[in-house]
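The next block holds one structure in the form of structure tokens; read it before the comments.
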Amino acid sequence: MEAVGRLGPALLGVLVAFERIQRELDPENFQRLSKGLAEPAARLSKAFDDAAARPRSPETERLGAALLEAARHGVAATELFLGTPKTETPAASGAPVDISRVMGALREHCRAQAGLFPLRGALPPLDRYFIEPQAESRLGELRAGRPGTGIFNASNGPEVRGGFSFFAPEDYDEAKSWPLVVALHGGWGHGGDFLWTWLREARSRGWLLLAPTSQATTWSMMGADSDAAALDSMLDYVEQRWNVASESRLLTGLSDGGTYALLRGLAEGSRFTALAPVACVLHPANLVNGNLGRARGKPIRWIHGARDWMFPLEVARQGCSTLKEAGAETDLIEIADLAHAYPREQNPGILEWAGTTR
């Protein structure tokens, strides 16, 4: 238990460091971000080796094994991002960074969270990590864990495409309707990973959360739309089993997920009441498929970084201007220090805004 007492905080330190990395992800920031990760990574590596070497009693076997497995993902995340083991060039040296390793590190960061979340009842610091500070007073009720709550994965293993992950807050009560946020990952992403970008805020504020995985490596934006029917069936599944508020359904997404959120959110028969695309573009198909005609009165909050190197800010400004001309209630939030990354600090504002558009 002494080893657990050191391993848990060390792992949380790495998770917090990776949240900062996700927010500030930019080729120009890699050296600085690597230096900031080095100390938490070393602390976690030492705590992991110490805990792994200690014998576990029957009373601590399950907890220890689960925590070690989550920490193993955390260690892998640091090694991928920093370019270790030592036979490889650390990113902090200024050498070119392998983007595939960076993306792999971010995936391992998500897998570490997935391993920790079931342990939140046994380790209070973990419980506090998965909730916003102002909502900690709700932890007592959340710990009760009512039936039909928590995280559910439907055909959505790490190597599987086309399924979804879903979260219902532990205090879910079917006697009342609950708002729903549907969050679409970026290109080459996965719903099981993107779920963690939104879980803390959804849990804190009482939102159901659906994180689909695209059928292919990204969302259908060229040719036939293979994701539309799947997304509709996921919504049907959720609505049949949980009491979803018809007047509060938010569709959001990052990069390709944001572009697709606009395509589907404005499509004929869309069940979404508000759209919040992030770091994306207005797909040209919207100009010819009737979506602009359906945009009138639709609340849209578009979030974009001034340093976005994939989709320049001017592209977002043009897209918002087109939507406004079509009658959409569009706001563009420009973030001066944001590159092509996800600004998680916007999540609370997005949910507050979406909750008032009903």
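The values are calculated or read from the model by the stated rules, or taken from the named source; none is laboratory data. Because the structure is a prediction, the values reported are computed rather than measured. Please note: Cβ atoms are built from the backbone with ideal geometry, for glycine as well, and neighbour counts cover all protein chains shown.
I'd like the full set of residues that are over 19 Å from the mean Cα position of the chain (by Cα) and surrounded by fewer than 17 Cβ atoms within 10 Å (Cβ to Cβ), limited to the stretch 120-138.
Hits for the stretch 120-138 are G121, A122, P124, P125, Q134, A135, E136, S137.
Filter the stretch 155-167 down to the residues that are over 15 Å from the mean Cα position of the chain (by Cα) and either farther than 25 Å from L262 by Cβ or crowded, with 23+ Cβ neighbours inside 10 Å (or both) and list them by number.
S155, G157, E159, V160
If I ask for residues that are surrounded by 18 or more Cβ atoms within 10 Å (Cβ to Cβ) and β-branched (V, I, T), which ones from the stretch 194-230 would you list?
Those that are surrounded by 18 or more Cβ atoms within 10 Å (Cβ to Cβ) and β-branched (V, I, T): T197, T213, T218.
Can you tell me which residue within the stretch 39-67, out of those that are aliphatic (A, V, I, L, M) and crowded, with 18+ Cβ neighbours inside 10 Å, is farthest from H340 (Cα to Cα)? Even if it seems obvious, please write down each step before you answer.
Initial filter on the stretch 39-67 (aliphatic (A, V, I, L, M)): 41-42, 44, 47, 51-53, 63, 65-67.
Checking the rest, the ones that are also crowded, with 18+ Cβ neighbours inside 10 Å come to 41, 44, 47, 51, 67.
Values: A41: 25, L44: 28, A47: 33, A51: 37, L67: 32 Å.
Here the residue is A51.
Listed residues L12, L44; which is without any contact (Cβ under 8 Å) to a residue 60 or more places away in the chain and under 25 Å from the mean Cα position of the chain (by Cα)?
Values: L12 fails: without any contact (Cβ under 8 Å) to a residue 60 or more places away in the chain.
That would be L44, the only listed residue that is without any contact (Cβ under 8 Å) to a residue 60 or more places away in the chain and under 25 Å from the mean Cα position of the chain (by Cα).
Can you list residue pairs whose Cβ atoms sit under 9 Å apart, with the first residue in the stretch 234-249 being within 16 Å of W207 (Cβ to Cβ) and modelled with pLDDT of 95 or more and the second being among the basic types (K, R) and part of a strand (DSSP E or B)? Count only pairs 6 or more apart in sequence or on different chains.
L235/R249
Pick out the one residue from T322, T259 that is touching a Pro at 6+ places or on another chain (Cβ under 8 Å), of a type in the set (S, T, Y) and outside any loop (DSSP other than H, G, I, E, B).
T259
Specify which of the listed residues (A328, A285, A341, A295) is assigned by TED's automatic domain parsing to the domain that holds E201 and under 19 Å from the mean Cα position of the chain (by Cα). Show your work before the answer.
Working: A328 fails: under 19 Å from the mean Cα position of the chain (by Cα); A285 fails: under 19 Å from the mean Cα position of the chain (by Cα); A295 fails: under 19 Å from the mean Cα position of the chain (by Cα).
When all the criteria are applied, what remains is A341.
Kindly state which helices (runs of 4 or more DSSP H) lie completely within the stretch 121-228 and contain at least 2 residues that are farther than 19 Å from N347 by Cβ.
Working: elements: 124-129, 139-142, 191-194, 199-205.
The qualifying helices (runs of 4 or more DSSP H) are 124-129, 139-142.
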